[in-house]
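Here is the structure we will look at, set down as structure tokens.
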Amino acid sequence: MAALKRDFSAPTLQLLTPEGELRPTPEAEAFLPIVDALPDAELEQFYRDMAISRRVDIAGANLQRQGQLALWVPSHGQEAAQVGSARAARPQDHIFPSYREHIVGMIRGLDPVKILGLLRGATLGGWDPAENGNFHLYTLVLASQTLHATGYAMGLAFDGATATGHPETDAAVLVYFGDGSTSQGDASEALVFASSYQTPQVFFVQNNQWAISVPVERQSRSPIALRGGGFGMPGVRIDGNDVLISYAVSRQALEDARSGEGPSFIEAVTYRMGAHTTADDPTKYRTQDEVDLWTRRDPITRYRAWLAGRGASDAFFTEVDEQAQDVASDVRRRALEMPAPTREVIFEHVYAEPHPLMREQYAWLDAFERSLDGGVA
């Protein structure tokens, strides 16, 4: 009896090699015209975004280590996947992040101090998406944002806000989640509804190789991108450390979504250079050789080499590095200046109108806190 075929593979699309050379893989050739059409200013913006992301990430980690944040969620190593996909979105699109997409929020207009405020415990909500480029709130419950995104995308279709033939107003939804989150039931349910209702949506998986301490090969025996086809939508695997392919594939997928072609699934193969969060010690479960391998594939180093090879000046890189440091310093300063929230804030907005139960609970808490600090409010 012949054995069933167990060969599962998917090509990884790449435009830039780790050395910074533009050498498209065969499957990536079709996306090269999208990159060729970009002006120099936009290509340079990709680098600027990634450099700022790296510096803000370092500042956030330092603040946590100094006791100024309860937690920090690093994005070091994943800059290309995030910047390329975020820059591919239009202003009317809606972005549903997990909790690591700091630069995506900044690209959409979010003040990064609001992210630090959330992780500092200075705010209970974060931000209003309508005032921050339709960048929705962080979600710590794994994969739940995939359901939120799919529901919102269904709403766009029901409201006639997409696939009207007007690219300046037709909207799509982009949702980020990780390789570990693909094992959650919420992700599968979201994919089922997205496919059934042909939502204007892109599922963007950042496969950073580790779901905290669980390696991706235990999460999936085959490339995660193949799951798209299983749910009836295109699935594409890209080099997540190549900002150009991240942009090009995301842009095409979003354009397909806005034009009524339905959802797509992108797996960006990248690496989480730091800890899962600052509560984690990655040295307990991965080797230094693995980290060194991915260090040589650094997305910023790769892209800088390509820009330099096509004529970007030393003055440009110096200016960007200075700007990134200035942004990080400003974020740090303003984060340290954030006032602690008052006791009343946890009772606000529980009910639409003032409620006697909330007044009673606040009175109890206030009396309890005063008893601990000698009667000082």
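The values are calculated or read from the model by the stated rules, or taken from the named source; none is laboratory data. Because the structure is a prediction, the values reported are computed rather than measured. All Cβ positions, even for glycine, are placed from backbone atoms using ideal geometry, and neighbour counts span all protein chains on display. When the accessible area is computed, the model is the full protein with side chains, heavy atoms only, and any ligands, DNA or RNA have been set aside. Shrake-Rupley method; radii C 1.70, N 1.55, O 1.52, S 1.80 Å.
Data overview
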{"item": "Pair list, Cβ < 8 Å and 6+ apart or interchain, from the stretch 1-13 residues that are closer than 26 Å to residue 243 by Cα and among the β-branched types (Val, Ile, Thr) to residues that are open to solvent by less than 90 Å² (accessible area, probe 1.4 Å) and part of a strand (DSSP E or B)", "result": "12/237; 12/238; 12/239; 12/269"}
{"item": "Leading residue by the ranking (farthest from residue 149 (Cα to Cα)) among those in the stretch 247-273 that are assigned to a loop (DSSP other than H, G, I, E, B) and open to solvent by 20 Å² or more (accessible area, probe 1.4 Å)", "result": "273"}
{"item": "Pairs where the first residue, in the stretch 97-125, is part of a helix (DSSP H, G or I) and the second is surrounded by fewer than 22 Cβ atoms within 10 Å (Cβ to Cβ) and of a type in the set (S, T, N, Q), C-beta under 9 Å, 6+ apart", "result": "105/132; 114/123; 114/132; 116/68; 117/123; 119/64; 120/68"}
{"item": "Selection within the stretch 114-154 - open to solvent by 40 Å² or more (accessible area, probe 1.4 Å), modelled with pLDDT of 95 or more and either at positive phi or basic (Lys, Arg) (or both)", "result": "114"}
{"item": "Residues that are open to solvent by less than 40 Å² (accessible area, probe 1.4 Å) and hydroxyl-bearing (Ser, Thr, Tyr), drawn from the stretch 204-222", "result": "220, 222"}
{"item": "Members of the stretch 6-38 that are part of a strand (DSSP E or B) and in contact with a Phe, Trp or Tyr (Cβ under 6 Å, 6 or more places away or on another chain)", "result": "16"}
{"item": "Checklist (1) of a type in the set (A, V, I, L, M, F, W, C); (2) loosely packed, with under 13 Cβ neighbours inside 10 Å; (3) in a helix (DSSP H, G or I) applied to residue 350, failing item", "result": "(3)"}
{"item": "Residues within the stretch 223-246 that are surrounded by 20 or more Cβ atoms within 10 Å (Cβ to Cβ) and not in a helix (DSSP H, G or I), tallied", "result": "11"}
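Rundown of residues vs (1) more than 16 Å from residue 246 (Cβ to Cβ); (2) touching a helix residue (DSSP H, G or I) at 6+ places or on another chain (Cβ under 6 Å), yes/no style:
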position: 45; (1), (2): no, no
position: 55; (1), (2): yes, yes
position: 62; (1), (2): yes, no
position: 79; (1), (2): no, yes
position: 104; (1), (2): no, yes
